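Before any comments, here is the structure.
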Amino acid sequence: MKELNTNTKNKPTPVDEEKRDFLFITTAGLAIAGGGAFAWSMIDTMNPSKDVLALSTTEVDLSPLEEGQSLTVMWRGKPIFIRHRSESEISSADNVSVDDLPHKETDESRVKNPKWLVVVGVCSHLGCVPLGQKVGDTKGEYGGWFCPCHGSHYDTSGRIRKGPAPLNLEIPPYEFVSDDIIRIG
Amino acid sequence: MNNQENKQTGITGWIDKRLPVFTFINHNLRDYPTPKNLNYFWNFGSLAGITLVIMIVTGILLAMQYTANTDIAFDSVERIMRDVNNGWLLRYIHMNGASMFFIIVYIHIFRGLYYGSYKYPREILWMLGVVILLLMMATAFMGYVLPWGQMSFWGATVITNLFSAFPVIGDYIVTFLWGGFSVDNPTLSRFFVLHYLLPFAIVGVVALHLVALHQFGSNNPTGLDVKSSGDTIPFHPYYTVKDYFGLGVFLIIYAALVFFAPNFLGHPDNYIPANPLQTPAHIVPEWYFLPFYAILRAVPDKLTGVLLMFAAVLVLFLLPWLDKHKVRSATFRPFYKQFYWLFFINAIVLGWVGAMPAEGVYVLIARIASVYYFSFFLIIMPLLSRFEKVGELPSSISAAVLSKKFDKDTNESYAK
């Protein structure tokens, strides 16, 4: 009885290091993989849900818009500026040396049909909505849009010309479904 | 804190000297001396803590998608189920998490009841646990109202109406709870706020529960006090590994419920939008309230029924003074052990009749079971404290462990 007790005390079973490493690595590995999968599926719930994604296209009928008029529509919670440009606005946008621009883009590359300019109406500086859509709005020094927050001037192609904004107004993905209808998104 | 324990160097040492977090962790999760004979029933404390964290994390994520307004609450839950990425998983984890939390906590309580964990010097530890149970019940009840289905609405109506049993002030209390003249939008919106708030109150009480626990350390299956360092082993790695293994088993069961039978413990009626004009034919609370619901229904008088139902939980506060027997563990108490198991079966019977219609033989069973429920605490416990004789106890935890081990080989008790 006593002997048995001292025996177990004095002769500890040798540790199989390799077996321990294997157990440790597989256990930790599985825990990390499982925890990671769980964490991702939970974090993913904060990404846009299906009903939000379903709102990500907007169709717009351009036919009521006369030359020189503008229209603002909502797409993904943001304003989209659509301007039916006049000949003089198109030519003033075209007759600019691209090299002089802060963000070098030709007018041609920013439109599908030169008559229609479609841009996201969010200033590339800090996200304000520039003025210039409504009659009576100041359109800035270049006849396009003017952001009242920090004084950025955009031209008739929605390009940044003066002020702190680094980039031109973004062009949303869109296509002409027919001559008069575009689908944004 | 002791400076001599601060042996770390480098960045951890620098931080630890100023804010002894590492010493704290070392103290409470690593070196922490723990009785060496804890069985798997001692896993349930850490499991409850982990479940609380799961509930809070999933709850916060759900709250980002849920809208507490009677017009859209039901639809917003359906949106979570259909449109939100993994929303079904998020909701099912939270929904079944409530059930798992109660299973764990009930086992934790029955563990304490069997091994006398509420006795000197752990009375406050036990009472803090009862506070946690009460907070959990309030939180679970209010959470069940949020989906604004039929069971939500009528559950809220029935439970808030319990307070109308109080004479004179009853109706005022109920109107106050509702924020109106029926369960309606003000009720839903305050329940949502409180359902979000109370879990953090639970976290606070859990912290106190742990402080009280670590004052004297865990009880153990023999109920004997720790007498020497030979009776204990460090928490890490022995109990971290044991808890980790138990967590794995628990998560398998939990996941099986979430993935294969997510609505097994719920009621289909709660997928019908709330209708204030139509009560469901068969209205029962969630399973974890059934024993108390059975006590409520067993009493033919409204006020007495309500008071007894509250008393059924509140009596737990008095446990350390109702059972003053000097032996903690039921292992060494031949009579208490039998009454204990009868009480356990009785609790399950109460839960079962709580789910049955309140008529015929079920009422009789509920009454007998209710009488035993209170007799166990108020009559049997005090009497056993005085008259129950126990045999000789092992001299220490080590002696008890070793005697168990060698009894088989030698038929000779090492303990005595």
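Values quoted throughout were computed directly from the atomic coordinates according to the rules given, and no laboratory measurement underlies them. Computed from a prediction, not measured in an experiment: that's the story for all the values here. In this analysis, Cβ positions are derived from the backbone assuming ideal geometry, glycine residues included, and neighbour counts consider all displayed protein chains.
A few notes on this one:
- Computed E for B:Val249/A:Gln69 - FRET, C-beta separation, R0 41 angstrom, nearest 0.05: 0.05
- Links that overshoot a 22 Å alpha carbon limit, given the list B:Lys242/B:Lys326; B:Lys36/B:Lys227; B:Lys326/B:Lys389; A:Lys50/A:Lys78: B:Lys242/B:Lys326
- Computed P(r) (all Cα pairs; the stretch B:332-383; 10 Å bins; percent): 26, 47, 22, 5, 0
- Volume of the convex hull of chain A (Cα atoms only), normalised per residue: 238 Å³.
- When Rg and the Kirkwood radius Rh are both evaluated on Cα atoms of the stretch B:36-75, their ratio Rg/Rh stands at 1.34.
- Most tightly packed first, judged by the mean number of other beta-carbon atoms within 10 Å of their residues, the peptides B:108-116, A:68-76, B:357-365 read B:108-116, A:68-76, B:357-365.
- Against the main long axis of the alpha-carbon atoms of chain B, helix B:44-63 sits at an angle near 30°.
- Our summary of shape: the Cα atoms of the stretch B:297-416 have principal axis extents of 59, 28, 20 Å, ordered from largest down, in whole angstrom.
- Taking N as the residue count of the stretch B:59-218, its C-alpha radius of gyration divided by 2.2 N^0.38 Å amounts to 1.20.
- In this structure, the pairs whose alpha-carbon distance is over 24 Å, taken from A:Lys104/A:Lys134; A:Lys115/A:Lys139; B:Lys324/B:Lys404; A:Lys104/A:Lys139; B:Lys119/B:Lys337; B:Lys337/B:Lys404, are A:Lys104/A:Lys134; B:Lys324/B:Lys404.
- Cα-only Debye scattering, the protein assembly as shown: base-10 log of I(q)/I(0) at q = 0.07, 0.13 Å⁻¹: -0.67, -1.36
- Other protein chain C-beta atoms within 10 Å of residue C-beta, averaged over B:60-66: 2.
- Whole-number percent relative contact order across chain A, with pairs defined as alpha carbons under 8 Å at least 6 apart: 18 percent
- Each Cα pair of chain B feeds into the Kirkwood radius, which the Stokes-Einstein equation turns, at 25 °C and 0.890 mPa s, into a diffusion coefficient of 103 µm²/s.
- Quotient of C-alpha Rg and 2.2 N^0.38 Å, computed over the stretch B:162-223: 1.81
- Cα gyration tensor of the stretch A:24-111 - equivalent ellipsoid semi-axes, whole Å, descending: 49, 22, 7
- Packing-based order for B:80-86, A:23-29, A:47-53, using average beta carbon neighbours within 10 Å, highest first: B:80-86, A:47-53, A:23-29
- When you restrict to C-alpha pairs under 8 Å that are six or more residues apart and normalise by the size of chain B, the relative contact order lands at 21 percent.
- If the convex hull is drawn through the Cα atoms of the stretch B:20-123, its volume per residue in Å³: 174 Å³
- For the residues of A:46-53, the average number of beta carbons from a partner chain within 10 Å of their own beta carbon is 4.
- Using the alpha carbons alone, the radius of gyration of the stretch B:309-357 stands to its Kirkwood radius in an Rg to Rh ratio of 1.06.
- Shielding by partners for peptide B:83-89, expressed as the average number of C-beta atoms from other protein chains within 10 Å of each residue's C-beta, is 6.
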